[in-house]
Structures are given as structure tokens and as C-alpha cells.
Amino acid sequence: MSVLTDLRYALRLWRRYPTLLVVAGLSLGLGVGATTTIYGVVSKLAHYDLGFKDVDRLVILSSTDPAHGITEQPPTWEVVEALLQSGRSFEAFGLAQMGGAPVTLAGTETTSRVFQMPVDGSALSIVGVAPLLGRTYRPEDFHDLIKQKEARPIVIAYDTWQRRLGGANDVIGSSFHVDGEPRTVIGVMPRGFKLVPWEDDIAFWAANDLSRIPQARWMTAIGRLKPGVSPAAAEAEAAQVTRQVLEARGEKAGSAGARVVPIHKAFFGQPEDVLTFLLGAVSFVLLIACANVANLLLGAGAVRQRELALRAATGAGRGRLIRQLLTENLLLSLAGCAFGVVLAFWGTRLFALIVPTGFPELLRDIPVDGRVLGFAVLVSVGSSLVFGLVPALRASRIDLVEVLKEGGRGGSGVRRRGRSALLVAEVGLSMVLLVGAGLMIRAFLHEQRGLPGFDTRNLLSADILLGGTRYFDKTPADMNEVTPQVEAFYDRVLERVRAIPGVEKAGIASRLPFEVWTHPFEIVGRPAPEPGKEPHADLNEVDAQLLPTLGVKLLRGRMIEERDVASSPWVAMVNKTFADRHFPGADPIGHAIRVTIGPGGDKWSVREPQPREIVGVVADVAYPSFFRETPAAVYVPFRQHVFQYGREDEWIHTRKSLVVRTSVDPMSVVHAIEGAVREVDRDQTAHDFMTVDQRVASSPSVTNSRFFASIFTTFGSLAILLAMVGVYGVMSWVVSQRTGEFGIRMALGARAGDVVKMLLAQSLRPILLGLALGAIGGYGLSRGLNAMFWQMTSADPLVFGGISTLMLAAALMAAWVPVHRVTRIDPQEALRYE
């Protein structure tokens, strides 16, 4: 019955102090809502159901070699095969390329660019998900190969079946063209199936016979452990087998080893770390809210001293009073929790709206489920009880004589110091979040304004990736051999595009210049660098009109010209950073470099057959801020190239960004460009048409900075709002508790303005201390952001100065509102009341 009595008393108290309920409930609700929103995202990743059979036995196997700086890379097929043949830890393996490979799909309603996922014959079966229709791969599927190792049959995704093939019942056995090659459908995977949870747009899975390239390491190995085998035991065995394979091949094992990680951790470990960092940041909002509630409860306890003294005088013990106060806190926390859950429902939807386009779909549907609701209740009740305990203990510590003598209006120095300490914490925590928001906004503005460093007006871009044996084929050694048809295709496309009305200039490049793909090189005439220590530069194949179309300025020498063909001396242009870094104080014109296509140091890297003379130096373009330094860049003529490439390095030649500068609306020529490509080859397509401004705005660097700027700005806005409420509450309490003192001061001749100045000066102490501590915390946060996301200035004076000024102005404005009430005090009324 006593509990019900406490509840009824708490409800009556709310009617007496509705402002306490509203302000404390809203403060706690804002903190709980923000924290619960981010926890919902973390929880979604931590408990994401991959849909695989016995998922706790699935692991990702990687090779390591610390002595060569390799912490994680895919194992070779021969290591995987040796583990299956002689090992005792693994039941089976399946291999898959973690990212999709773009291909051209024809023979459906339209020719379009889609993504396939290369796998081996076991990747789809090892996860234990049965196809919806047909079957997955069998050994006999490799009897008919494309490009030396890829099976002709394919297994398609549910969305491909429905959207591109109309959901036809007779889809099994049907065929369409992929990169100009006919492919036969043997299976359809269930709706929503993803071999890799981050890949949302996989159209089909194409199997490869990796036994034909046993030393290749371009697919991730998914292993199924035998029952009872731990990842640690499997890792030890895999490391031993890896060394044995290398020694059997005649190589030194050295520090070679292996790493075995549970599949869920391998997929979600890094994203969880980033989101957990955000959860830690948003918890500052909750701490500020709790400090607000604690301040309000301290104030309420001071006001209720007479009431509590009378209850103590009539027989209520201190434990009884503490239980009553904690019951009130519990009800208050539940009210804040209800408001916080409502905010969390809105917050998860807002999160889905601001998630960058390239992020996976699983982050766009964040449910507020039982786990998230439980977290909200736990945080609300726990924080309210913890932060309400000290006010309850202080309020229940009653000296009856003193309280009755003072009339319940006094406030002890200890209580005032406690409220000031909470105010310092609120201001400091708010300052930390606002510094984070300021740094993120600065980073976003830098990205958006800085990129790409050349004139983007009326500039259209599109991607073309040639596929099929007409343009390149596999050699028995798994090298990619390109054909002269690539140059012929792009020459004919450019001829047609430049003839389109409204097109002023058009050119092609392997990528837009601010998108980087580095390769090693050596400078002819200088000592050869040690293996593995070669300098690297961004290598970009371009035609003669590409740089003039972009408007990249020539600093000295000449541009690439139409006369730079395969039979003429090979040439290159470099950017200013290349010249300054590798020819400091000297002119690079006339010197020669020799480029290696590929990472260098392995059998799939290709050294160009002849050096290239540097004939020109152009200005740098702007690069995304996640590059620690501006990359050195080399531009080479697209007609001067090798014909064999390793792995997917042929993309430097077969894949091109088409860049068109127009005198009309750039998007108005899209249809004509698509027609020009179809005229040259109906099995190829240009895709991803965007203005260069749109491409920059959608680039990962810009979208990531926009996303985190939005997140931290939201956190910071909530923090400064709560801090203002806290300052207002403290100063309101000070004014109400010291009304008699102010009446005496003014009766003795003090002016109201002098009292206001005194109070504002007193409020400055905790505010300034909070700003100082917040600046230190903000510097620490900036270092964390710098390490986790991208290169930023760790101590940006503009951000720290601006945020400090904003925080100080907001705090003083919040303090001035209650302090200004002093000017309305009537000294006679104050003294009579006292």
C-alpha cells in the first residue's frame, strides 16, 4: 500500500509543479530519444540476420604477412584447397568477390549496366540458402567456359527475375547476353537474398573455376567450420597450412599467417565501430539532459525543504523520504521515456533520410523493436535514478530547527556548488558536440566548394565499361588481353558525340581526375627503387580533348595531342604535385618515366614496354580530403598502352568516363549520347549520366561529410537547447532563492541594473569554465574524427572561436531572461515577504 501512496503523492506533486514535469520530462525525452535512435542503428547491425544456415559456424579466412605490411588479404585457392584436403577444421569453403563487377546486360527490355558477383562453384551453397527456382552450381557447369575460367550458366537474383525478366515462369533455361556473351539461367535465389549484406544491386552470380588460377587471390574465402571447432583453432591450423603451401612452392614463409573471423564480425565490425563512436557522442546529449534533471530536482528539493521537514517531524524517517523522492523520479523517467520513444520513431526515419545514397539499404529501415524499447526504458530509468539519487539524498538530509527557522527558503553553499558543477558539465558537453558539428560542417563545405578544382558549368559525365570477348579476353595465365576494337569503339563514339548539336567539346578518361587509381613507376636514369618502395602515381588514360574539355590549365610544355599514337614515341603529362615532388627545383619536361600497371611485385603486374617522355605539366585538380596529401598524377594517351593486364587492371583501358561540355542544358543531350553508343555497338551502353556538379555532390567524400555534419549538427542543436534550459533553470533558482537579499541590497541603495550585472558576472564563472573544459574535449573529439573519418584540421581556430562565441551568447541569453526579473522586484514587498 505504501508504494501506491507514494505514486498518488507523486501525481499530486505533478499538479502542484507542472513546470517541473514538463521541463524535466522534455529534457530527459530529448536525451533518451537521440540516444535510442543511434542505438537502434547499432542494434540493427549487431543483430542483423544474415539468413544463413548455422551462421555461427561460418567464418572469413584471410592471409596475413605482418613483415610486408599485410594485415588482411584474400587467400589463394591453393591454400583453401590444402585446408580442405589435409586440414581438420573446415568442412567446406566458398569464395566470392565482395564487391560487384559492372557488366552490360542485353536481351531484356533494355540494354543496361548491372552488377554481377563473381563466385566459385560452392559460394551459394555453403551458406545453406536453397534457390527459389532451379539450382546452384555443379562441376559440369564448368564444361562450357567464357574467358578461360567463367561458367556460362548463371544464377540470378529475385529482383532480376521480376524486374528485368518479367517474373516469367519458364525463366530456367532462358538466356540473355552479358557483355555480348549468351548466358543461361540455371537458378533464381530467394527474394532478399544477399551473399554480402552491403551489396544491394547484384543482378546475378557468375561462377569461376579457380583451380585454373590456383595462385590468384581476388576472392574472399567463406569457410564453414566443423562442429565444435573454434575460430582460434581454425586460425592456428590455417596459418600452419599457409606456410606449408608457400614452402612447397619454393618460397620463404617468413611471417606469413592467417586470420579467421566470424562472418558477422567480418561484415559488420568496422561499421559497428563507427556507429558506436556516434552512440558515444550522442550520449553527451543524454548526460546534458540528466544534468538538467538533476539541477531541477536540486531546485525542487530546496523549495520543498519545509514540506519534507514537516513530514519528518510527523514521523517519516529518512529512508521513507528517499523512497518517496525516488518514486517521483521513477515516474518522471517513465514520462521522459515515453516522449523519448516517440522521438526515436521519428529519429530513425530521419536517419534513413540523411543516410548517403551509397550506404546499404539495411540502414534505411531501422525498427524500434523490443530490444530498442528495452534500451530506452533502461536508459530512462537508470539515468533518472542515478542522477536523481544525489538530489534525493540531499533533500532528505534535514535539520528541522534550521529549516523551520529559515522558512524553507534558504539554499546551502553545498547545494549551490552542486548546481554550478552540473552547469559546468552541461556547457562543457554541449561545447564538445558543437565543436564536432562545426568541424563536420567545415569539412562538408570544403568538400563541396573545393571539388573538383576545374570549371564544372555545363559539364556532363557518363560511364562506359566495355565487356565481352570482342574487347578483351582471358589468357590461360589469367591475364586480360584487350583488343584494338576498344580504341575503334571509343573513336567512333567520340566522333558521333562531338557531332551532336549543343556539344562544344567531348573527351574520355579512365576516370574523372579527382578519382584516384595509383600505380608504381620509376624515373629513368635514377637508381631503381627497392621492391615494394616504388613511388606511386594516379595513372589516367585520356584522349587529346579531355583536359581542354575539363578546363585543366597547362602550366608548361604541351598537351596530349592526336599525333600521340602507339607507333609514335610514348609520352606522358604530369600534374604540378608530381613535378614538385619528384623534380623539386627542376623542370621535368624531357625526363622519362616507366609505369607498371598493377600494384607491383606480383605476377599480375605489367611493366610498360617502353619509357614515356614527360611533355607537359598541368595544374592540380582538387582531391577528396581523405587523401592525406595531393596525389601525384600521370596522364597518358589512350592510344599508347599495353595489351595485357592483370586482374581487373584492363579497366584502365576498357572503362572510360565520357565528359561533354555543352552550350545547352547538359541533360538535354543524354538521349542523343545513348543513341550514339548504340549505333556503334548495341550490346554496350553509357550509364550513370550526371552533371559533374551532381557527381561531386554524390561522391563518397561529400556524402559522408554531409551525413556526419547532419548527425553532429542535430546532436549539437539538442545540446545547446538543453544547456540553455539548464542555465535558465539555475539562474531562475538563484533569483527565487535570493529575492530577499536583492530587496535588502536595493533598499540600501543598490540599483537593479547593478544587481543584474552582478548575477550575470557570477553566471559567467561556470559558463567560462564549461567552455574551457569543452574546448579541451572538442580538441580530443577532433583528433578522433580525424583518425576515424578523414583528414581535418585538429584545432581549427575559426571553429573553436565561433562555437565558443555562440555558446557564450546562448548561455548569457538564457541567464538574462530570469536575471532580468530582478528589475521588477519591489524592495518593500521583498522585505515584508522575508
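The values are calculated or read from the model by the stated rules, or taken from the named source; none is laboratory data. None of these values were measured; they are calculated from a predicted model. A quick note on method: Cβ atoms are made from the backbone with ideal geometry, for glycine too, and the neighbour counts reach across all protein chains shown. Accessible surface is based on the protein model in full, side chains and every heavy atom, while ligands, DNA and RNA are left aside. Shrake-Rupley method; radii C 1.70, N 1.55, O 1.52, S 1.80 Å.
Compared with the dominant principal axis of the Cα atoms in the chain, helix 797-819 is inclined by about 30°. Run the 1.4 Å probe and let me know the accessible area of Met758, rounded to the nearest 10 Å². Roll a 1.4 Å probe over it and Met758 shows about 50 Å². Assuming R0 = 45 Å, can you tell me the calculated FRET efficiency for the pair Glu674 and Arg783, based on Cβ-Cβ distance, to the nearest 0.05? So, using R0 = 45 Å, E works out to roughly 0.40. With 0.36 nm allotted per residue and the present C-alpha distance subtracted, the Thr357-Asp65 stretch has 101.6 nm of extension available. The range 417-465 and the range 510-565 have Cα centres lying 33 Å from one another. Here the Debye sum runs over all C-alpha atoms of the range 110-157 as equal scatterers in vacuum, and log10 of I(q)/I(0) at q = 0.29 Å⁻¹ comes out as -1.26.
With protein chains left intact and a 1.4 Å probe, residues in the range 476-575 average 44 Å² of accessible area per residue. Altogether, the Stokes-Einstein calculation at 4 °C and 1.567 mPa s, with the Kirkwood radius of the range 207-246 over Cα pairs as Rh, returns a diffusion coefficient of 106 µm²/s.
If you take the Cα Rg of the chain and divide it by 2.2 N^0.38 Å, with N the number of residues, what do you get?
Against the empirical 2.2 N^0.38 Å value, I get 1.20 for the chain.
Charged neighbours of Ile366, selected by a Cβ distance under 9 Å, balance to +2 (K, R count +1; D, E count -1). Were the residues from Met667 through Asp54 laid out at 0.36 nm apart, the gain over their Cα-Cα distance would be 215.7 nm. Measuring nothing but how far apart in sequence close Cα pairs (under 8 Å, 6+ apart) lie, relative to its length, the chain scores a relative contact order of 16 percent. Taking the square roots of 5 times each eigenvalue of the Cα gyration tensor of the range 634-712, largest first, gives ellipsoid semi-axes of 28, 22, 12 Å.
What a 1.4 Å probe finds exposed on the chain is 57% carbon and sulfur by accessible area, rounded to a whole percent. Measuring r between the beta carbons of Ser211 and Gln73 and using R0 = 25 Å, the FRET efficiency lands at 0.80. Computed from label points 7 Å out along Cα-Cβ, the spacing between Leu445 and Glu199 is 4.1 nm. Modelled this way, with points 7 Å down the Cα-to-C-beta line, the labels at Ala586 and Ala46 are 5.8 nm from one another. When you count the other C-beta atoms within 10 angstrom of each residue and take the mean per peptide, 800-808, 133-141, 247-255 line up highest first as 800-808, 133-141, 247-255. Charge dipole of the range 564-663 (Cα centre as origin; +1 on each Lys and Arg Cβ, -1 on each Asp and Glu Cβ, all else neutral): 180 debye, rounded to the nearest 20. Given R₀ = 22 Å, what would the calculated FRET efficiency be for Ser567 paired with Ala488, taking r from the Cβ atoms and rounding to 0.05? It comes to 0.90. Each distinct pair of alpha carbons in the range 527-606 adds a 1/r term; the inverse of their mean, the Kirkwood radius, is 14.8 Å.
The residues of the range 154-272 present an accessible area of 43 Å² per residue when probed at 1.4 Å with all protein chains retained. Average 1/r across all pairs of distinct alpha carbons in the range 442-546, invert it, and you get the Kirkwood radius: 17.5 Å.
Compute, for the chain, the length of the dipole vector about the Cα centre, with Cβ point charges of +1 (Lys, Arg) and -1 (Asp, Glu) only. Units Debye, rounded to 20.
About 4360 debye.
Approximating the spin labels as points 7 Å out from Cα along Cα→Cβ, the Arg349-to-Ala233 distance works out to 5.1 nm. In a fully extended conformation the segment linking Asp473 and Arg498 would gain 6.0 nm over its present Cα-Cα distance, using 0.36 nm per residue.
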